[in-house]
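> I have a structure here, written as structure tokens, and I will follow up with some questions on it.
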Amino acid sequence: SSLIYAGVGIKGRSSSEAEAVFAEEWNRNPRGRECEIVSGKNVPQCQYGGDTLGAIVIGDSHAAAMVRAVEAALPSPSLHVLDWTLRSCETVSGLKMEGDESFQCGEFVESAIEMSAEIENDAPIIVINRLSVLFHGRNEAPELDPKLFLTHPYSARSPEYIQEMQSAFVNIICRLAESRKVYILEPVPELVKHVPKTMGRALLSGKDDRVSVPITAHIDRSKEALQAIQQASIKCGAVVLDPLPALCSDGHCWGDKDGMPLYFDDDHLSLRGADLLIPLFRTAFD
């Protein structure tokens, strides 16, 4: 079983088309583990590219999934991207998780802000988060009450809770904007279903099962996140980047393009999916 897992299945067991779809589950940043921050107090200087700083990417695992696309968008191979990403850590200072004292997201964000201010290079910082988690939790594993909090735990995602989270996010963007230009990527559509597995299993049965979510459903889930991003744009001068034109059409946001998955699970873009955003990231360097 270990050999089957290591080989991502048994080659030849299914059609080459199905095997290619299943394999997209592993089409992700190969340096993800190497560059992963395991402690909120230790921010590694993980670089992608040349010798000169060209951009900083800060955020959670969604940011880690897209950092190579930002690297590809740099205007020169002599430039590099700094990877400041921490899983399950949206870019909000002071963020805590109920019942988990080891959760050091707040410390990581605070240290990143301090480091950003100390870097003399004026490279832009690109903020990428699964921001809707702050306001609704994970849609693939619904939570009845919020586990994340700032000042005190809440029993529900009340208007007061939402406003506190929105204000905290805007505050961080304004602090980052004091030392460099800030770009914020709006939320990437979350498809709930595991895209490669859903498509691959359908192909095994001789079907063609595309995974998608209506744009209206995505916007509804992202409403509070989009409000916070818009506030940060108005108050702090952050530039907003919209990924939907690259990922959505005909009223739906799709999990594939030309029959190949764009996600390696249900909400993280694969390298193939992130590459669709390269033209969008290039606008940060125009």
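The values are calculated or read from the model by the stated rules, or taken from the named source; none is laboratory data. All of these numbers come straight from a predicted model, not from anything done at the bench. Methodologically, a virtual Cβ is constructed for each residue, glycine included, from the backbone with ideal geometry; neighbour enumeration extends over all protein chains shown. Accessible surface is based on the protein model in full, side chains and every heavy atom, while ligands, DNA and RNA are left aside. Shrake-Rupley method; radii C 1.70, N 1.55, O 1.52, S 1.80 Å.
> Kindly indicate whether any position in region 123-131 is touching a residue at least 12 places away in the same chain (Cβ under 8 Å), out of contact with any Pro (no Cβ under 8 Å at 6 or more places or on another chain) and open to solvent by 20 Å² or more (accessible area, probe 1.4 Å).
Within region 123-131 (the criterion being touching a residue at least 12 places away in the same chain (Cβ under 8 Å), out of contact with any Pro (no Cβ under 8 Å at 6 or more places or on another chain) and open to solvent by 20 Å² or more (accessible area, probe 1.4 Å)), the answer is no, since none of the residues qualifies.
> Continuing with the same structure: Hey, among the residues in region 195-224 that are in contact with a Phe, Trp or Tyr (Cβ under 6 Å, 6 or more places away or on another chain) and not charged (D, E, K, R), which one's nearest to Glu25 (Cα to Cα)?
Step one: list which residues in region 195-224 are in contact with a Phe, Trp or Tyr (Cβ under 6 Å, 6 or more places away or on another chain), which gives 195-196, 200, 212, 224.
Those still in the list that are not charged (D, E, K, R) too: 195-196, 200, 212.
On the way: Val195: 8, Pro196: 6, Gly200: 10, Ser212: 17 Å.
Among residues in region 195-224 that are in contact with a Phe, Trp or Tyr (Cβ under 6 Å, 6 or more places away or on another chain) and not charged (D, E, K, R), the one nearest to Glu25 (Cα to Cα) is Pro196.
> Moving on. Looking at (1) free of Cβ contacts under 8 Å to residues at least 40 places away in the same chain; (2) surrounded by fewer than 23 Cβ atoms within 10 Å (Cβ to Cβ); (3) in contact with a strand residue (DSSP E or B) (Cβ under 9 Å, 6 or more places away or on another chain); (4) in a helix (DSSP H, G or I), which is the only condition His80 fails?
Evaluating His80 over (1) free of Cβ contacts under 8 Å to residues at least 40 places away in the same chain; (2) surrounded by fewer than 23 Cβ atoms within 10 Å (Cβ to Cβ); (3) in contact with a strand residue (DSSP E or B) (Cβ under 9 Å, 6 or more places away or on another chain); (4) in a helix (DSSP H, G or I) leaves (4) as the failure.
> I would also like to ask the following. If I filter region 55-75 for residues that are surrounded by 23 or more Cβ atoms within 10 Å (Cβ to Cβ), over 19 Å from the mean Cα position of the chain (by Cα) and not hydrophobic (A, V, I, L, M, F, W, C), do I get at least one hit?
No, there is no match, as no residue in region 55-75 is surrounded by 23 or more Cβ atoms within 10 Å (Cβ to Cβ), over 19 Å from the mean Cα position of the chain (by Cα) and not hydrophobic (A, V, I, L, M, F, W, C).
> Turning to a different aspect of this structure: Could you give me the residue pairs with C-beta distances under 7 Å whose first residue belongs to region 46-68 and is more than 23 Å from Ile172 (Cα to Cα), whose second residue is among the charged types (D, E, K, R) and buried (at least 24 other Cβ atoms within 10 Å of the Cβ) wherever it lies, and which are 6+ apart or on separate chains?
Tyr48/Asp83
> Are there any strands (runs of 3 or more DSSP E) wholly within region 198-273 with 2 or more residues that are farther than 18 Å from Val127 by Cα and open to solvent by less than 30 Å² (accessible area, probe 1.4 Å), and if so which? First the steps, then the outcome.
Details: elements: 212-214, 239-241, 252-254.
Per the criteria, no element qualifies.
> Is there any pair linking a residue in region 262-286 that is more than 24 Å from Glu140 (Cα to Cα) to one that is open to solvent by 30 Å² or more (accessible area, probe 1.4 Å) and in a loop (DSSP other than H, G, I, E, B), with Cβ under 6 Å and at least six apart or on different chains, and which?
Phe285/Pro75
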